[in-house]
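Report on one structure; see the data block that follows.
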Amino acid sequence: MNSSNVVLGRNTLKLPIILLIFSLIGGIGLNVVIYFVYNSKAKVVEEYELERARLERRINTLEQQKEARVIKQADIDKLLTRVPVHAEATHYLTNLTEAEKKSGATILNINVDEPSEIKLSEPAATQSEPNASSSETSTQTDASSTDVIPANPTPKVMSQDLQLTIQGEPEQLKSYLESLLDLERLTIINEVSIKVNTDEPSEMSINMNHYWAPGYAEVLAPNTQSKEN
């Protein structure tokens, strides 16, 4: 056999091996590239999903905050001025005497009745009382079947009647009445009667109410201490 033929045969055998090696290297390299590209895209998709979930939670939170009614402290203070949580009778009587000085009229007497509780309307569920003749078994069955949570007691609101007798000229009596209507404290005038005299000062009788809400003390003014019952 010619030596040139032997060399040619060897080169012919090496070529497929070299091509096979390059194919393996190329295949492995391609797989490595695909692996890293896939993982990179999967990571991007995962981060996108996490960010999307975070934004959805934020949107839900903002929607809830939007629906919730925000009460400003200034509004609470204004409400407490109109209807305080304590009677503050001394302060209220001071307002009445200040209106007396401002108008020039004279307060002859002030009669103050005992405070009384105002019955506020309750939810329908709390208005219907169970029949006394109903059996205990029936009551327990209804409560367990409907799974009703007992409602909180209705907050207490108090009222106090006052009767004033005031003396003065008609213009002075009118000025005093206008001063009562301008009081910051919620005041409802139920009845006014005026006796006009020609030879002596006229007289005006006023029947009125003022209010306070001790049942709202914990919610509206939790840091206040009891001033008056």
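Structure above, values below:
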{"read-out": "Filtered residue count, the stretch 167-190, keeping only those that are surrounded by 15 or more Cβ atoms within 10 Å (Cβ to Cβ), in a helix (DSSP H, G or I) and of a type in the set (A, V, I, L, M, F, W, C)", "value": "3"}
{"read-out": "Residue match in the stretch 157-166 (condition: among the acidic types (Asp, Glu), surrounded by fewer than 11 Cβ atoms within 10 Å (Cβ to Cβ), part of a strand (DSSP E or B) and at pLDDT 80 or above)", "value": "no"}
{"read-out": "Looking only at the stretch 67-114, and only at residues there that are of a type in the set (S, T, N, Q) and under 35 Å from the mean Cα position of the chain (by Cα), the one that is nearest to Val219 (Cα to Cα)", "value": "Gln73"}
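The values are calculated or read from the model by the stated rules, or taken from the named source; none is laboratory data. Note that this is a predicted model, so its numbers are computed, not measured. With ideal geometry, Cβ positions are generated from the backbone for all residues, glycine too; neighbour counts draw on all protein chains shown.
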